[in-house]
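Below is one structure. I have some questions about it.
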Amino acid sequence: MIALSLARIADIVGGRLADISAQEAAVTKVTGTVEFDSRAVTPGGLFLALPGARADGHDHAAAAVAAGAVAVLAARPVGVPAIVVTPTPAAADRGGLVFEHDTDGSGAAVLAALAKLAAAVAAELVDGGLKVIGITGSSGKTSTKDLVAAVLAPLGEVVAPPGSFNNELGHPWTVLRATESTDFLVLEMSARHRGNIAALAAIAVPSIAVVLNVGTAHLGEFGSREAIAATKAELPQAVPPGGAVILNVDDATVAAMAELTRARVVRVSRERGAADVDVWADAVTLDALARPRFRLHAAGRQVDVALAVHGDHQVSNALCAAAVALECGATIEQVAGALAAAGPVSQHRMAVATRDDGVTIVNDAYNANPDSMRAGLKALAWMARDGGGRRSWAVLGEMAELGDDAISEHDNIGRLAVRLDVSRLVVVGTGRAMSAMHHGAVMEGSWGSEATMVADADAALALLRAELRPGDVVLVKASNAAGLGALADALLDLGAAESTDGDDG
């Protein structure tokens, strides 16, 4: 974060000083990072006191200051230097991030203050030349964010969030990572309600926006795909006239957003199609691990691109990343080189690793919705088929937040696994949605042990440990709440342990 005095921060957020004099606050500056985990505090930092599932951050304020924080942003005095903001009822949040244990509204108050601080810092940095890139879509946001960060790295200093820090907490936290030396701030934006993306975009107004797709993720929250589209459209609407909006026009709903923005529109597509497409691909192929190869076209030039990430769906993500880099001054050759070197970054997202015994684990367990689940299954089928007929395993958990469509969407995924000739489907969980997935597979013709339903990740691990054979390919995918990321990690550790045991004789 840029250096700011405690007095200046208090003025920005509308807070009052506690346990520090006005004179001291005027000369005491935050020069480090802003953290909500007291264990991550660094010297010169600012600690956010937020309510948690196991503890209230206010109770860790003293420890944070002892670790080097110069002050705490809190909702009540904490016995150490603090900027105190007035709690507001959590019920008044109206669609924002609500902390389960925020009984007095302290979390909402601190979050609101954090947003004000991030907005002030972002405005100052943008005036100094910082370029803000915002990315949204129903699926692929994190993968695209990682690709954008990779293609911009040769052009200057880049700040991007780790993993999926894309909500009312992670977004301003990322903004405050930027300093005077930062050239590009890459932000991933998610939503659960109308207005969420508009609110995030107001914190750091993007000069470049990317809209990937409109699917059915969070359908249970929004109620309809039309409501999801309207919310995603808040991002291009936030870009000022001098900026650029990059739209994946292979999605007709995204293409229609060109009419909603005042900014210049850059259209990307997997094929040339209409004459107004600006960045496109052709000659798309996949290698044995489903890593795409294609020819990239832009501004009358073309170059061959070989991606290091996995899945045919990554072509669209890479095209959007390429369009961002070209807007920022990269050459098409620089883009191709950066994309070739950009492997998976964020944890549990299409991370592919092969054990010593030849079993390949595809860990895509951080998030799942119908679109990303279909993409993962297609990548699995390709790896098994192109690898000479290897056995394929789809170990799938629940797709969350689908509302009334949960049963039908899980049923569809079970049927798709059979149509793609996945060798074994392991349905993890016993709820109605998972029963529907298993039932769909059975009704599509997956008999006997081809489709198996197990109670939890431990049962899935026991089954896989007993039945995996060298050369098998295993996809592990679910929404993060299902906790299958640990299962995928255990499968990799299991392979290493078994290999070591064998070597020891």
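If you roll a 1.4 Å probe over the heavy atoms of the protein chains, what accessible area per residue do you get for segment 220-301, in Å²?
The answer is 44 Å² per residue.
Same structure, new question: Given that compact globular proteins tend to follow 2.2 N^0.38 Å, what is the ratio of the alpha-carbon Rg of segment 320-437 to that value?
Ratio of Rg to 2.2 N^0.38 Å for segment 320-437: 1.28.
So which helices of the chain fit the span-like rule, where a helix is a whole DSSP H run, its Cα atoms reach 27 Å or more along the axis, and its mean Kyte-Doolittle is at least -1.0?
Taking the DSSP H segments of the chain (at least 27 Å long, mean hydropathy at least -1.0), we get 106-127, 485-503.
Okay, moving on. Check Val210: other-chain or 5+ apart residues with amide H under 5 Å from its amide H, H built from backbone geometry?
Gly134, Ile135, Thr136, Ile246
Taking only the alpha-carbon atoms of segment 4-103, what semi-axes of the equivalent ellipsoid follow from 5 times the gyration tensor eigenvalues under a square root, in whole Å, largest first?
22, 16, 11
Run the reach check for Lys116 against lysines, Cα to Cα strictly under 16 Å, same-chain hits fewer than 8 apart removed. What comes back?
Straight-distance partners of Lys116: none at all.
Per residue Cα convex hull volume for segment 216-339, in cubic angstrom?
115
If you put +1 on each Lys and Arg Cβ and -1 on each Asp and Glu Cβ, how big is the dipole of segment 275-409 around its Cα centre, in Debye rounded to 20?
580
Taking the Kirkwood radius as the inverse of the mean 1/r across Cα pairs, report the Rg/Rh of segment 351-498.
Rounded to two decimals, Rg/Rh equals 0.93.
Can you list the residues, at least 5 places off or on another chain, whose amide H is less than 5 Å from the amide H of Val34, using H built in the peptide plane?
The list, which skips near neighbours in sequence, is Leu46.
Could I ask something else about it? Defining a contact as two alpha carbons under 8 Å apart and six or more residues distant in sequence, what relative contact order in percent does the chain show?
Over the chain, the number comes to 10 percent.
Using θ = phi - 60° and the Karplus relation 6.51 cos²θ - 1.76 cosθ + 1.60, list the HN-Hα couplings for segment 175-180 in order, rounded to whole Hz, with x at every Gly or Pro.
Result, ordered by residue: 3, 6, 7, 6, 10, 4 Hz.
Which whole-Hz ³J(HN,Hα) couplings does segment 255-269 yield from phi under the Karplus relation 6.51 cos²θ - 1.76 cosθ + 1.60, θ = phi - 60°, glycine and proline marked x?
Whole-Hz 3J(HN,Hα) from phi for segment 255-269: 4, 5, 5, 4, 7, 9, 10, 8, 8, 5, 9, 10, 9, 10, 7.
Suppose every Lys and Arg Cβ carries +1 and every Asp and Glu Cβ carries -1, with no other charges. What dipole size does the chain come out with about its Cα centre, to the nearest 20 debye?
About 880 debye.
Between Ala82, Val428, Thr231, whose Cα lies farthest towards the positive end of the dipole of the chain when Lys and Arg beta carbons carry +1 and Asp and Glu beta carbons carry -1, centred on the Cα centre?
Thr231
I would also like to ask the following. In the chain, carbon and sulfur make up what percent of the accessible area (probe 1.4 Å)?
51
Moving to a separate point now. To the nearest 10 Å², what's Leu114's accessible area with a 1.4 Å probe?
Probe radius 1.4 Å; accessible area of Leu114 about 0 Å².
Starting from the amide H of Val80, placed 1.01 Å from N in the peptide plane, find each other amide H under 5 Å away whose residue is 5 or more places distant or on another chain.
So Val80 has HN proximity to no qualifying residue.
Still on this model: Express in whole angstrom the spacing between the alpha-carbon centres of segment 298-312 and segment 27-63.
Spelled out, the Cα-based centre of one part sits 43 Å from the other.
Give me the lysines in straight-line cross-link reach of Lys232: C-alpha distance below 21 Å, same-chain residues under 8 apart excluded.
Reachable lysines: Lys131, Lys141, Lys145.
Excluding same-chain residues fewer than 8 positions from Lys29, which aspartates and glutamates have a Cα within less than 18 Å of its Cα?
Asp11, Asp19, Glu124, Glu180
Between the alpha-carbon centers of segment 418-471 and segment 233-294, tell me the distance in whole angstrom.
36
The values are calculated or read from the model by the stated rules, or taken from the named source; none is laboratory data. On a predicted model such as this, the values are computed, not experimentally measured, just so you know. Every residue, glycine as well, gets a Cβ built from its backbone with ideal geometry; the counts of neighbours run over all protein chains shown. For accessibility, only protein heavy atoms count, side chains too; no ligands or nucleic acids. Shrake-Rupley method; radii C 1.70, N 1.55, O 1.52, S 1.80 Å.
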